[in-house]
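One structure below.
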């Protein structure tokens, strides 16, 4: 169970509210005694007081069930599939589908662990807030900054993807890639500044377009395979695999080395945990959104990669063009490539939109604790943490510079670094969940009905897998450069901890009281619930 509110703590809070005159002092004592009777419970009944993170204050609960469902979908389908799959197919061949399946299973396990924590206590600080509760401020610091690394670098990858997509059309080919990247960043920045409801609506429609496109691709690709239709200079069918080197035309080690890029493709699945803090009725919505994720992973990701390998030879794809555009341009449907290009453009904007949303909330949680820039704690009148969003957007300008200096390599460079950040964030979520399970075993916590399957053994297996994925960078020169860059990040994080540790407020967790005794924390109650 959570720690009980002591009489001293309750009395101190009453003093703050009522004052210190004799008359007020007695009133405070009477109120304290009444509150104690309602809130202090036995160690075996953890329902009357659960913990709250003060950094969650100020947010609006404006995300509806349909928003959460589409955020879950949009988070797991993004630039990594719509652009990154082309380059990875060109390098690894059809065997890439196996890498997607394996990584997808571990991504799902991670989200189930996060879902268990989020249903217990929805928080916009999400895994940073949970790490604070179960691992302490150092754990929150590491988790938050790894997540920030992941998404701030992903923002750079997304604006690069948008710029690459625009260069598909001749009208934009003379526009510098860096300028297109800057425009994309500016548009989504404004969108995030308006309100969480606006973010939810934008993400809903972005995700809907992505899903409709993938379904259309799969149906047409299946038709092409069944009929043996011509696609570009080839014909759809199994021969595109068997006659071009089989499942692993460049060898299994090549596919293994591409695994980090596949993890990047699944980056964003953890977004559903962040959105839970601003969701209505999160306990009902989250399980449905999370459970359907494994189906989406195997249908949309694994299914799409298998079909891509069947409709064209692996060497027909390119890292400079979406594989969806490559296919639709090759089947001869007029303007199909243009239409799909618009769709993959919305996919990149969707991922960019989610990146600014999530990093803004995470930075605010860090800032209120003292382990992040104070500016990140600021919120505007629309209940949007604009400080953190501005910081991420400013770092996104590094991506703009990269597009000016290294336009052909910018996406691959930032994608691999983001992959390490994602693997690190997921590992931190699993470690936090293990810490939670240890308290459950000690009788200090109660697990919700919605649980991570196979825990804690699946936690350990997943942690080993993510460690192997990161170390797979050693197999390539580009990967070794990525690890070297990450080593610099680690040094910066260690230095940052020693700089901020003296100002960190370790008292961000407080009790959420159930004054009316209906087993629902007061701050989580809706008007209808409160009256029961």
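Using the structure shown, decide if residue 226 is part of a helix (DSSP H, G or I), modelled with pLDDT of 95 or more and either more than 35 Å from the chain's Cα centre (by Cα) or closer than 17 Å to residue 350 by Cβ (or both). Here the answer is yes, as residue 226 does meet what is asked. Scanning segment 197-208 for residues that are buried (at least 19 other Cβ atoms within 10 Å of the Cβ) and within 19 Å of residue 300 (Cα to Cα) turns up 203, 204, 206, 207.
Pairs meeting the criteria (first residue in segment 254-273 and touching a residue at least 12 places away in the same chain (Cβ under 8 Å) and at positive phi, second residue in a helix (DSSP H, G or I) and crowded, with 24+ Cβ neighbours inside 10 Å, beta carbons under 7 Å, at least 6 apart or on different chains) are 268/75; 268/76; 268/351; 268/354.
Out of everything in segment 142-169 that is part of a helix (DSSP H, G or I) and out of contact with any helix residue (DSSP H, G or I) (no Cβ under 6 Å at 6 or more places or on another chain), what residue ends up being farthest from residue 369 (Cα to Cα)?
Of the residues in segment 142-169, the ones part of a helix (DSSP H, G or I) are 142-166.
Still in the running and out of contact with any helix residue (DSSP H, G or I) (no Cβ under 6 Å at 6 or more places or on another chain): 142, 164.
Working: 142: 13, 164: 39 Å.
So the residue we want is 164.
Restricting the first member to segment 458-473 and to residues that are under 13 Å from residue 419 (Cβ atoms), and the second to residues that are outside any helix (DSSP H, G or I), the beta-carbon pairs closer than 9 Å and six or more apart or on different chains are 472/258.
Close contacts from segment 341-368, counting a first residue that is more than 30 Å from residue 329 (Cα to Cα) and a second that is modelled with pLDDT under 80 and not in a helix (DSSP H, G or I), with Cβ to Cβ under 6 Å and a gap of 6+ residues or different chains, come to 361/124; 365/125. Can you tell me which residue is modelled with the lowest pLDDT among those in segment 126-145 that are over 15 Å from residue 433 (Cα atoms) and buried (at least 24 other Cβ atoms within 10 Å of the Cβ)? Selected residue: 144. Every test in (1) over 17 Å from the mean Cα position of the chain (by Cα); (2) on the phi < 0 side of the Ramachandran plot is passed by residue 362 save one, and that test is (1).
The values are calculated or read from the model by the stated rules, or taken from the named source; none is laboratory data. Predicted model, so just to flag it, every value in this text is computed and none were measured. Quick reminder, even Gly has a Cβ in these numbers, built from the backbone with ideal geometry, and neighbours come from all protein chains shown.
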